[in-house]
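What follows is calculated from the coordinates using simple rules that are stated; it is not laboratory data. Keep in mind the model is a prediction, meaning the values are calculated, not measured. Positions of Cβ are backbone-derived with ideal geometry, glycine not excepted, and every protein chain shown enters the neighbour counts.
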Amino acid sequence: MVKLIYRNKSWEFAAGMTVRDAILKCGLNPEQVLAVRAGKLINEATLLKDGDEVKLVAVISGGVR
Amino acid sequence: MKCRKCGHEAVINMRQHKLALCSEHFLEWVPEQTQRFIEKYRMFTPDERILVAVSGGKDSLSLWDVLLRLGYKADGLYIGLGIDGGVDYSNQSHEMCVKFLENFRSQISSVNVTADDGPQTVNTQYLIPKLHVVDIAKLYGETIPDVAARTTRGRGKPCSVCGLVKRHVMNRVARDGGYDVLATGHNLDDEVAVLFGNALTWNAGYLLRQAPMLPADKPGLARKVKPFCRLYERESAAYALVRGIDYIYDECPFAEGSTSIAHKEILNQMEKDSPGTKLQFYLSFLRAREQGLFAEQAAHVELNACEKCGQPTSAPGLCAFCRLWERRITKDE
């Protein structure tokens, strides 16, 4: 499983999807978040592996849903 | 996805440019692009002194970082607005600016300069930047939320008062400090959100004044530039993350639910489906402006010097900033 964390929410998905697909599955716009894994920025085509924990950082500061 | 320049793993893919870059090349690309736009829009030259308005956020701190790395003489200006919002917002923002400067200074002092003929003594007077701090409550006796609470300006939200005060202070510090130019961290998303809002109402006056560089064409006005105006907000945030700049993630508590954020979300929805939409919108606007679409409006803009502070104002007498504090004095009496 992979875990995505955005502000005070989190989602868990099966491994094997791209960062972009995972962001979309969270209901977020990939234009508005950056993905950070183990403290490093990762690109949207990165395949998520089992055990990955990805922090999504809001691009627009403030009230983005 | 691989970096187009070196083939290493990319950290970012900029779909509007069809360009993926690794961390090393992304950190080179952002300053290169910034320099390109500084020259293209004739913002400033290496000899000029720049005042960068910093808020502790990703855009302004990244901009300051880039300008310093490009070798510009850039000092910072932090304006303490007295906003708490339950998160000690203003103090946190100030801390981020101070921390940035401390980090930068420590990097500068650890640099060993060598040349072909051996170690050189370098005049670091201009290499070490300064941070000017203006605390609104200390200077004028009230915080921004306090001022907003007693005026009708902004209909209950402090954003309008805040914008007015910041514009006044930035212009004053730039002018009094002998700076040639005032730089702000506005990115392309900021610009298209404003453009979108003004296009919805065809506010020609505002559209005319939106530009990467506004010349100091009236007495008392500082030249204003936006060196990040062609950089997506996503890229500005990525630069701060990759460069390791610590910034305040939460923007002003009063920004939540704002129209500009709603406009950004609409534009990003279009960008998701059609990469490059935001960039094209902005570039087309700049072209139209260049071709004189709003030229007729220019003839009607006339500014006077404020009777009290001397800063330019559209109406004769006191400027909006001085009227704001004048009302407090009258009320206190």
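Quick check for you: which residues of segment B:34-66 have the amide N under 14 Å from the point 7 Å beyond the Cα of B:GLN92 toward its beta carbon?
B:56-58
So for chain B, averaging the separation of alpha carbon pairs under 8 Å that are six or more residues apart and normalising by length, what relative contact order in percent results?
19 percent
Can you grab the distance from the C-alpha centre of segment B:274-326 to the C-alpha centre of segment A:1-60, Å, no decimals?
41 Å
Run the simple label-point estimate for A:ALA38 and B:ARG105 please: 7 Å along Cα→C-beta, distance reported in nm.
So the two model labels end up 3.6 nm from each other.
How much length, in nm to one decimal, is gained on full extension between B:LEU139 and B:LEU214, taken as 0.36 nm per residue of separation minus their Cα-Cα distance?
So the chain would gain 24.2 nm between B:LEU139 and B:LEU214.
What length, rounded to one decimal in nm, is gained on full extension from B:ARG150 through to B:GLU48, with 0.36 nm per residue of separation minus their alpha-carbon distance?
32.7 nm
Hey, if you drop one equal point scatterer on each alpha-carbon of the protein assembly as shown and run the Debye formula without solvent, what base-10 log of I(q)/I(0) do you get at q = 0.14 Å⁻¹?
For the protein assembly as shown at q = 0.14 Å⁻¹, log10 I(q)/I(0) is -1.39.
Would you mind checking the tilt of helix B:58-69 against the longest principal axis of the Cα atoms of chain B, expressed as 0 to 90 degrees and rounded to 10?
For helix B:58-69, the angle is close to 60 degrees.
What pairs in B:LYS166/B:LYS226; B:LYS58/B:LYS224; B:LYS166/B:LYS218; A:LYS49/B:LYS5; B:LYS18/B:LYS278 have C-alpha atoms more than 23 Å from each other?
Among B:LYS166/B:LYS226; B:LYS58/B:LYS224; B:LYS166/B:LYS218; A:LYS49/B:LYS5; B:LYS18/B:LYS278, the Cα-Cα distance tops 23 Å for A:LYS49/B:LYS5.
Can you tell me the length gained on complete extension of the stretch B:GLU9 to B:ASP84, counting 0.36 nm per residue apart and subtracting the Cα distance?
Extra length available between B:GLU9 and B:ASP84 comes to 22.9 nm.
At a 10 Å Cβ-Cβ cut-off, how would you order A:MET17, B:MET43, fewest neighbours first?
Final ranking by Cβ density, sparse to dense: A:MET17, B:MET43.
If you take the C-alpha gyration tensor of chain B, multiply each eigenvalue by 5 and take the square root, what semi-axes do you get, largest first, in whole Å?
33, 26, 21
Between A:ALA15, A:ALA45, A:ALA35, find the one with the highest GNM mean-square fluctuation for chain A; connect C-alpha pairs within less than 10 Å.
The residue that fluctuates most here is A:ALA45.
Could you give the alpha-carbon Rg of segment B:1-86 over 2.2 N^0.38 Å, rounded to two decimals?
The value comes to 1.34.
State which stretch of chain B is the longest one without any exposed trypsin sites (Lys or Arg not before Pro), exposure meaning a DSSP loop state and at most 13 other Cβ atoms within 10 Å.
B:156-333
Please compute the average number of Cβ atoms from other chains found within 10 Å of each residue's Cβ in peptide B:86-98.
Mean partner shielding for this stretch: 0.
Classify segment B:132-282: rounded, prolate or oblate, from the alpha-carbon gyration tensor (a ≥ b ≥ c, eigenvalue square roots; a/c under 1.5 rounded; otherwise prolate if a/b is larger than b/c)?
In terms of gyration-tensor shape, rounded.
Under a plain spin-label model, where a point goes 7 Å from the Cα along Cα-to-Cβ, how far apart in nm are B:GLU307 and B:THR201?
2.9 nm
Can you pull the one-decimal nm distance between simple spin-label points at B:ARG287 and B:ALA315, each 7 Å off the Cα toward Cβ?
4.0 nm
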